[in-house]
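Q: Supplied in structure tokens, the structure appears directly below.
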Amino acid sequence: MSIDAEANSTPDNNGPGLCFLLLLIFGGFVFFIPASVVVAFPAVLAGSFLYFIWYLISEGHLGNILGSMIVSMILMAIAAAIPVIGWILLLLWIFYNIAKAFETIKTLLPDALFSAVLYGCLLFPVIQEMAMDGESNMAATIACGVVYVITAGLYCSRLTQLATNTKQSIFYFSIMWLSVPLIALLIVSIVASLRAAFRTVLTPVQTVVKTPQNVSSHMRGGSHVNAYTRTVTTIQHSVTSQTLPGMGAVGASMVGSVSEATITTPQQPQQTLPALEHKPAGGELTQYATNKDHNFYRYDNLNAKKISNFVQAASHRQSLPPLTEDAILFYYDETVFGQGDHGVVLTDDGVYCVLGKLYETFYARFREVSSVVIKGSFNKKIVLHMKNGQKHNIELTQSNAGAKKIYELISIAAQN
């Protein structure tokens, strides 16, 4: 079988510690010199934006963006040539990209919360000095500083779950600072794309109208003229409107491709990983031991409450075969608050995926999988290509590190 994935062999992730140090330096600078916020904030935003752009280019996302724009131009040409069918295809393309933008907004919300708290703490000393005419309440400033440090620590702890290397950690760090303006920009872009999906072109038209007119008999120059009918020609001016595809498709494609920010890199399977077996010996699969920070659990250290909730949720899906707790080898928790009813379970024979109403729920046998792909920057998407031509998607957002372990184990099991 063929396997496509991001590199499994990642260097040590020093990013969370580096980001925490940067937050402390930046916070101390602003707290001790409040007026510096005028320069510090633009510098942080500019630096984060430049790193964000550099990361997308270095990871190959520029090609995805250009490719989406080309697809949009082709669909616009089809819509202009075949109005009804072309318009439907164009609208579906726009809505597809908008859906990806909404998914990104949902993913950015936790970062936006951290960002709002950090921004608020940094602005507090400045606001306090302005309100108190240059004086400051030391107790309030210290309390604000404590909140800042705690929030910074919690965010960097979150980074250990999301990122797998230093480069990616700094990328998420830049996203955190940009999350609020990014959400606003995505919303504005969605509205603009819908409004510009089609444009109305007004064209002036001149119409020649010939009208019959009856002329009664009359005298002209002393001579009698009999009644007759003559034709009167008039020119009427009007305006016609024509609906044509607009630039909304191009805008939506850019929003969608930047939102997805995904890349698929070929990779050879690791030969050192043992086959996935039921109850492996103590020395096997040690890299896949339970790690709560990665939302990842192995059979020998499962969370009873989470597993019970998942089994119960799976039993309510008629499309899934029966699942017992004893059959579970590995489990990934995709729930935000840890209730455990949504996630991924691996057994001897296959994978159970239960991720809620907005996502695909399925069971796939390992022997029926032909290839596996993992991609994603903001979150991870595991794609299972089945031998019968079908495709199953597993979209995981809570821990990139845990998602990669699930991908690797599915790859191992599908090879054997």
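The values are calculated or read from the model by the stated rules, or taken from the named source; none is laboratory data. Because the structure is a prediction, the values reported are computed rather than measured. In this analysis, Cβ positions are derived from the backbone assuming ideal geometry, glycine residues included, and neighbour counts consider all displayed protein chains. Note: accessible area is taken over every heavy atom of the protein model, side chains too, but ligands, DNA and RNA are not part of it. Shrake-Rupley method; radii C 1.70, N 1.55, O 1.52, S 1.80 Å.
Q: Using a cut-off of 29 Å between alpha-carbon atoms, which lysines can reach LYS357, once sequence neighbours fewer than 8 places away in the same chain are excluded?
A: Within the straight-line cut-off, LYS357 pairs with LYS100, LYS106, LYS292, LYS305, LYS306, LYS375, LYS380, LYS381, LYS387, LYS391, LYS404, LYS405.
Q: What shape does region 308-400 have by the C-alpha gyration tensor, where a ≥ b ≥ c are the square roots of the eigenvalues, rounded means a/c under 1.5, and otherwise prolate means a/b greater than b/c and oblate the rest?
A: oblate
Q: Within the accessible area of region 283-333, what % is carbon and sulfur when the probe is 1.4 Å and the other protein chains stay in place?
A: 43
Q: Loop-only chymotrypsin sites (Phe, Trp or Tyr not before Pro) in region 314-348, please: DSSP not H, G, I, E or B, and at most 10 other Cβ atoms within 10 Å.
A: Values: sites: PHE330, TYR331, TYR332, PHE337; in loops: PHE337.
Loop-located and lightly packed - PHE337.
Q: Going by average Cβ neighbours within 10 Å, how do the peptides 224-234, 319-329, 177-187 rank, with the highest at the top? Each step should come with its number before you reach the end.
A: Working: 224-234: 8.9, 319-329: 13.9, 177-187: 17.8.
Taking the mean over residues of other Cβ atoms within 10 Å, the ranking is 177-187, 319-329, 224-234.
Q: Quick query: amide H of HIS342 versus all other amide H atoms, modeled in the peptide plane; which residues come in under 5 Å with a sequence gap of 5 or more or a different chain?
A: The answer is GLU334, THR335.
Q: Do any GluC sites (Glu not before Pro) in region 326-388 lie in a loop, going by DSSP, with at most 14 other beta-carbon atoms within 10 Å of their beta carbon, and if so which?
A: GLU360
Q: Now for a different question. With a probe of 1.4 Å, find how much accessible area region 279-416 has per residue, and write the answer as a whole number in Å².
A: 43
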